[in-house]
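Notes follow the structure.
Rule-based calculations on the coordinates, nothing more; no lab input. Owing to the predicted nature of the structure, the values given are computational and were not obtained by experimental measurement. Glycine also receives a Cβ, built like all others from the backbone with ideal geometry; neighbour counts cover every protein chain displayed.
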Amino acid sequence: MEDSNTKSIIFAEKLQQNNNLLGDQFQRAFKEVSIIDDFQKANDVFIPPSFEEVWGLVVNEALASGLYVLCSKYTGVAYDLINEESGTIFDPDNADEMVKLVQDTKNQIELIRSKRTKISNWAKDKLSIEKSVESFVLAIGS
């Protein structure tokens, strides 16, 4: 059985093999906290290819900045936050599917860019402190 580090390497290699498809528009890298805001402003799509992620706060941050998110089904917030407007959920165990998804996303990049403000406003409303408190109160009240 493969561990998540091995799966991540296989996933990254599959994307790298298709680099001509991905081009310079896609960057894979850990980003220091101090430059995340600039990084998010300079990009259109965020892809966290998680194999294990209890919550996935980076998805919240990406949505709040208006990024379209291609989100692993193993990211805890995937089914709560990702919808047809804000992104797509994918299976990171299927790298071929991911390559197709990236290609489809590139083909729709202008539409995705036009939704940036809408995604950001939706996320800021849904993820506000007030909404979090409401949800918490409902959860402990039941």
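A simple packing score, the average count of other Cβ atoms within 10 Å per residue, orders the peptides 129-135, 41-47, 103-109 as 41-47, 103-109, 129-135, with the highest score first. Close amide-amide hydrogen proximity is noted between Gly87 and Val69, each under 5 Å apart and 5 or more residues distant or on a separate chain (H modeled in the peptide plane; Pro and chain starts excluded). Under a model in which nothing but the beta-carbon of Lys, Arg (+1) and Asp, Glu (-1) is charged, region 69-123 shows a dipole of about 340 debye around its Cα centre. Across region 45-72, the residues whose backbone nitrogen lies under 19 Å from the label position 7 Å along the beta-carbon direction of Lys106 are 45-49, 68-71.
In plain terms, the bigger the Kirkwood radius, the slower the diffusion; for region 42-142, with that radius from Cα pairs, at 4 °C and 1.567 mPa s, Stokes-Einstein puts D at 92 µm²/s.
Close amide-amide hydrogen proximity is noted between Glu53 and Gly76, each under 5 Å apart and 5 or more residues distant or on a separate chain (H modeled in the peptide plane; Pro and chain starts excluded).
Taken one residue at a time, the phi angles of region 117-130 give Karplus couplings (6.51, -1.76, 1.60, θ = phi - 60°) of 5, 4, 4, 4, 4, 4, 5, 5, 6, 5, 9, 5, 4, 4 Hz. Gly and Pro are set to x. A simple rule links phi to the HN-Hα coupling: the Karplus curve 6.51 cos²θ - 1.76 cosθ + 1.60 with θ = phi - 60°, which for region 66-81 gives x, 6, 7, 10, 9, 10, 4, 5, 8, 7, x, 8, 3, 7, 8, 10 Hz, with x for Gly and Pro.
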